[in-house]
Amino acid sequence: MKLEVLDDADAVAEEAAAIIATDARIATAERGRFVMAVSGGQTPWAMLRALAGMQVPWEGVHILQVDERVAPAGDPDRNLTHLRESLLEQVQLRPGQVHAMPVEEPDLEAAAAAYARTLHEIAGSPTVLDLVHLGLGPDGHTASLVPGDPALNVTDAAVALAGPYQGRRRMTLTYPVLDHARRVLWVVTGEDKAKMLQRLMDGDRSIPAGRVRADRALVLADRAATAKLR
């Protein structure tokens, strides 16, 4: 796992966007498409706003979600709401290039299975995403893989349902999908992440984030988040 420390959250967002743009250009030149999955959060929305202004071969880009809250369309709790505002309304993407998690369906188990099929159709089986963007919670969670949730142990499906967390059920990609990604890009900002960032860098598998494959990972962190690093 590589670590790059930047001054503040804005610098992290800009650098993350630049990395994604570069990976997208390389992937589309080599394989004709670039498939990425994005998480939520304040710095990631800034990252996506920056990405919208960069040189990206959007005609070859597919965007998926790492996780999503079970909430109505347009709800501010939805990652998709902010994804649209930050990126999707700013760039030219066909509807078939954006793959939102179907959390509004009445049968969530069937919806998770359907999203797994979407992953396989776009990125093969096993699913190999070009880039997965992840965040790190103050409790050590990433995606919607949270401490103590049964979704942590799902290894036979690409998509799982997590129990209620911070008032919402979640749909999430599972470890097998995260671990097959060509690049895992961690975006970590804020002093409340400092303790868990140390544990992530130590490979502490007792926290959910520490169980993600590390050899293809790059961590972009601001100085506040690295305050406790040894």
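Readers should treat all values here as calculations from the given coordinates under stated rules, not as data from a laboratory. Everything numeric here is computed off the predicted structure, so don't read it as measured data. When we count neighbours, we look across all protein chains shown, and the Cβ atoms used for this are built from the backbone with ideal geometry, even at glycine.
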Evaluation of LEU87 against (1) out of contact with any helix residue (DSSP H, G or I) (no Cβ under 9 Å at 6 or more places or on another chain); (2) part of a helix (DSSP H, G or I) (one fails), failing number: (1)
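Within the bounds of region 158-179, is there any residue that is among the basic types (Lys, Arg), more than 16 Å from the chain's Cα centre (by Cα) and within 27 Å of VAL103 (Cβ to Cβ)? Walk me through it before giving the result.
Kept after step one, since they are among the basic types (Lys, Arg), are these residues of region 158-179: 168-170.
From what's left, more than 16 Å from the chain's Cα centre (by Cα): 168-169.
With within 27 Å of VAL103 (Cβ to Cβ) added as a condition, the list becomes 168-169.
Looking through region 158-179, at least one residue is among the basic types (Lys, Arg), more than 16 Å from the chain's Cα centre (by Cα) and within 27 Å of VAL103 (Cβ to Cβ).
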Total residues in region 163-197, condition surrounded by fewer than 24 Cβ atoms within 10 Å (Cβ to Cβ) and among the aromatic types (Phe, Trp, Tyr): 2
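Okay, residues lined up against (1) under 27 Å from ILE19 (Cα atoms); (2) touching a strand residue (DSSP E or B) at 6+ places or on another chain (Cβ under 7 Å); (3) in a strand (DSSP E or B); (4) among the basic types (Lys, Arg):
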{"position": "ALA73", "(1), (2), (3), (4)": "no, no, no, no"}
{"position": "GLU104", "(1), (2), (3), (4)": "no, no, no, no"}
{"position": "ALA112", "(1), (2), (3), (4)": "no, yes, no, no"}
{"position": "LEU136", "(1), (2), (3), (4)": "yes, yes, no, no"}
{"position": "ALA157", "(1), (2), (3), (4)": "no, no, no, no"}
{"position": "GLY163", "(1), (2), (3), (4)": "no, yes, yes, no"}
{"position": "ARG169", "(1), (2), (3), (4)": "no, yes, yes, yes"}
{"position": "VAL177", "(1), (2), (3), (4)": "yes, no, no, no"}
